1. Return the tail of the calculated pair distribution for region 181-283, meaning the percent of Cα-Cα pairs more than 23 Å apart.
2. If you take every residue apart from ASP143 with its C-beta less than 11 Å away from the C-beta of ASP143, what net charge results, scoring Lys and Arg +1 and Asp and Glu -1?
3. Under 22 Å between alpha carbons, and skipping anything fewer than 8 positions from LYS160 in its own chain: which lysines qualify?
4. Can you sort ILE225, ILE142, ILE70 by 1.4 Å-probe accessible area, starting with the largest?
5. At what distance in angstrom do the alpha carbon centres of region 50-95 and region 96-111 lie from each other?
6. Whenever you get a sec, line up ARG91, ARG205, ARG194 from highest to lowest accessible area (probe 1.4 Å, protein heavy atoms).
7. Roughly speaking, what is the centre-to-centre gap between region 275-295 and region 197-241 when only Cα atoms are used, to the nearest Å?
8. Accessible area per residue, 1.4 Å probe, Å², for the chain: what's the number?
Amino acid sequence: MRHDHLLTAKQLSRADIEAVLGRAREFADDPAAHADRHPGALLALCFFEPSTRTKMSFETAAKRLGGDVIDMGAVEDSSVKKGESLADTARVVEGYADGIVLRHPSQGAARMASEFVDVPLVNAGDGAGHHPSQTLLDLYTIDENAGLDDLTIGIMGDLKYGRTVHSLAHALTNFDVRQHFVSPESLRLPRSVRYDLHEAGANVREHEDLDAVLPELDVLYVTRIQRERFPDEEEYEKVAGQFRIDADTLAAASDDLAVMHPLPRIDEIDPEIDASSNATYFDQAHNGVPVRMALLDLLLGGDEA
Ligand code: NCD
């Protein structure tokens, strides 16, 4: 990959995506067989927001490649609490590690921090902005279940604040994909994302109801309402629980429909679906390890290794 940092999914060309997915497939066969790839490499984890999957799968990936992590820990226990700027934190941490994974509540934070460091920096979520490494594992999962060309996908839930949605929608414009966005009017895609998709020539439709479009979908990507981003709890209450998938919903879907979710889920997917062949969200989460191994391998110069 020609990038030093991975900040938004807009940077990812089809060739970049294929390079990561191809390498991830090599790692997926036996993730434990690659500890000679980057012995001693150190990855800094700087998470200014909660995380389970992203943080732990990056940690697993670094260790599977023979490396290790250093973790800033909770914001409350760091110098951020004393008033340190993100730029200063980034400048200090780059001296400790070979790469940085950053999650931050402010949109644009990863780009700003990347301007202060020379080691590769991965945006692991910047507010309601982007989450490109999640997109790579989403694409890997879509590819495994339905293929990435001639695909019809429904993306449902909080399209306004959902950074996984913004990144995925952009990345899908590299492929022959029909994208159907399903949300309440108040949570539709931000204008800037709609504009970018239009500029990229994306095949996009927006809906307020899943029913009409469900039967034609190969993949349904469900998302959580991003409660923490709502300026007002009342606004959240108005839309909470509106888009919920259960076995009855799926009766109208193709038998092969792959139901995805970046997780965590709250109540968007009834657990009764978990055991069905449609449920791919736990595999999707597990795919985070080989995909992040591939991403780190490429960012750390795996082609020269
Ligand atoms: C997502 C995120 O942080 O944006 N989680 C994740 O990384 N898998 C989705 C979410 O929090 O709803």
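The values are calculated or read from the model by the stated rules, or taken from the named source; none is laboratory data. All values reported here derive from a predicted model rather than from experimental measurement. Reconstructed Cβ throughout: ideal geometry from the backbone, glycine too, with neighbour counts over all protein chains shown. Ligands, DNA and RNA are excluded from the accessible area calculation, which covers all protein heavy atoms including side chains. Shrake-Rupley method; radii C 1.70, N 1.55, O 1.52, S 1.80 Å.
1. Across region 181-283, Cα pairs with separations above 23 Å total 32 percent.
2. Result for the local shell: -3.
3. Within reach: LYS10, LYS238.
4. Descending order: ILE70, ILE225, ILE142.
5. So the separation of the two Cα centres works out to 9 Å.
6. From most exposed to least exposed: ARG205, ARG91, ARG194.
7. 21 Å
8. I get 44 Å² per residue for the chain.
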